[in-house]
Amino acid sequence: MISVEQALEKILSYVDVLGEEERSILDCLGQVLAEDIYSNINIPPLDNSAMDGYAVRSGETRGASQQSPRRLQVIDTVSAGSISGHKVEPGTAIRIMTGAPVPEGADSVVKFEDTDEAQHKGSPAEIGILSEAEAGLNIRRAGEDITAGAKVLSKGIVIRPQEVGILASLGRSLVTVTRRPVIAILATGDELVDINQPLPAGKIYNSNTYSVAAQVRRYGGIPKILGIALDREGSLVSGLHHGLDADMLITIGGVSTGDYDIVKDVLAKEGEVAFWTVRMKPGKPLAFGTIKDGASRNIPLLGLPGNPVSSMVTFELFARPTILKMMGRKKLSKPTIEATIEDSIVNTDGRRILARVTIEQRNGQYFARLTGPQGSGILTSMTSADGLAIIPEDRAGVEKGEAVQVMMVDWSEEI
Ligand code: AMP
Ligand code: MG
């Protein structure tokens, strides 16, 4: 049995960063930028007003106050999106809305609140300026956000909503990114029935395909659902053959030591087994290897154990970083915190336990409590969990009150 770290290192050694693709800016959230982005425009394009107010010549506001307003003739109104055809000459002002280009002649904007605007109905012919304005007051300078010619986004960054905003502000609708991996998912088991079908006696719904497909999506991959294979080699092989165009295959179930656990045998016949069994709980019977596609490709295959909690936990530990690596992401570790455990946990067989816990913060400290029964078939232990508390394999357990590391399942730096 190998350790969690050895297993992960092995799996990651079989995958590379994928190629590039051009995507619509709305479809590339969480993907890694594969080009440097330069701006060919200034943003904002022109000096414009940061306030609703009056564009004035600042020198003319010297000495202006509540008691002695400086009176200016209003010669135009300019709103965002249009340019005034007038120039602010001595003795005049132009009424201006937020975002509107500052008219020629003006060098500052006095906001409505610092004028007697409120005493007028609509656009006044004359305005009283009630305070002095510095040159540049309430003016957003052309290019103050982005200067024409500047590199705005660098190759290798992860696209978040703010990067989508930057791309849109440059007028871009498409961007080159590292493509998302396609992950083919094949459930195995004679007992499985697909959702939306009647449930005969002795059968269960194929839930894992869907939880795993959702995990694939969550971390940026594209799930390709291959359906259910029976516990027979022929059925498994033909199921897998529909996924040979994927970047990685995931099977669920059939990797233990039972009579029908045929995933390893099929791996050995159709490719190669890299390892089987990892020193962890849940998830010990994890298998990994490659399948030949008939041409020259060896497609990595991750054989997740069938128990619903085991498949999800092993996915988090192994499939998630693999997907992120293929997407070109650099940070592969899951956010982890230190918490005080409020239940004692016994470790009987030298495996790393990943206990489902809820996390509470009290007085600036985290406290972890088991979500209840920890059987690997109890999927509700995952729905109520905030994290996975890690009990090291070389410890006989942890006592109530001890500090533990907790991988936060929902704290994701990824999108
Ligand atoms: P296995 O690893 O195939 O022995 O499966 C372990 C347990 O997980 C068995 O109780 C299976 O019925 C259950 N199981 C396996 N695959 C699935 C699946 N796709 N959806 C729900 N339960 C499953
Ligand atoms: Mg099975």
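Per residue, how much space in cubic angstrom lies within the convex hull of the C-alpha atoms of the range 21-90?
On the way: hull volume 13.6 nm³, N = 70.
It is 194 Å³ per residue.
If I model a spin label as a point 7 Å beyond the Cα along the Cα-Cβ vector, how far apart are those points for Asp349 and Lys121 in nm?
Reported label-point gap for Asp349 and Lys121 is 8.7 nm.
Return the Cα extents of the chain along principal axes one, two and three, sorted largest first, each rounded to a whole Å.
That works out to 95, 55, 42 Å along the principal axes.
Using 0.36 nm times the number of residues separating Tyr210 and Lys330, minus their current alpha carbon distance, what extension gain do you get?
Extra length from Tyr210 to Lys330 when fully extended: 40.5 nm.
With each label point set 7 Å from Cα along the Cα-Cβ vector, what nm distance links Ala150 and Ser13?
It works out to 4.5 nm between the two label points.
So if I take the centroid of the Cα atoms in the range 241-291 and the same for the range 43-118, what is the distance between those two points in Å?
After rounding, the separation between the Cα centres reads 71 Å.
Computing the accessible area with a 1.4 Å probe over protein heavy atoms, can you report the carbon and sulfur percentage for the chain?
That fraction is 50 percent.
Just grab the label-to-label distance for Arg71 and Arg362, each label 7 Å out from Cα along the Cβ direction, in nm (one decimal).
Each label point lies 7 Å from its Cα, and together they span 7.1 nm.
If one computes the Cα centroid of the range 325-375 and of the range 188-225, what distance in Å separates the two points?
Taking the Cα centre of the range 188-225 as reference, the centre of the range 325-375 is 26 Å away.
Taking 41 Å as R0, compute the FRET efficiency from the Cβ-Cβ separation of Glu113 and Thr176 and round it to 0.05.
0.30
Is it possible to state the helix-based mean residue ellipticity at 222 nm for the chain, with each DSSP H run of 4+ residues giving -39500 (n - 2.57), the sum divided by total residues, to the nearest 500 deg cm²/dmol? What is it? Let's see the in-between values first.
On the way: 8 runs with 65 residues, N = 415.
Calculated from helices alone, the mean residue ellipticity at 222 nm is -4000 deg cm²/dmol.
Accessible area per residue, 1.4 Å probe, Å², for the chain: what's the number?
Counting only protein heavy atoms, the per-residue value for the chain is 46 Å².
The values are calculated or read from the model by the stated rules, or taken from the named source; none is laboratory data. These numbers were taken from a predicted model, which means no experiment stands behind them. With ideal geometry, Cβ positions are generated from the backbone for all residues, glycine too; neighbour counts draw on all protein chains shown. Note: accessible area is taken over every heavy atom of the protein model, side chains too, but ligands, DNA and RNA are not part of it. Shrake-Rupley method; radii C 1.70, N 1.55, O 1.52, S 1.80 Å.
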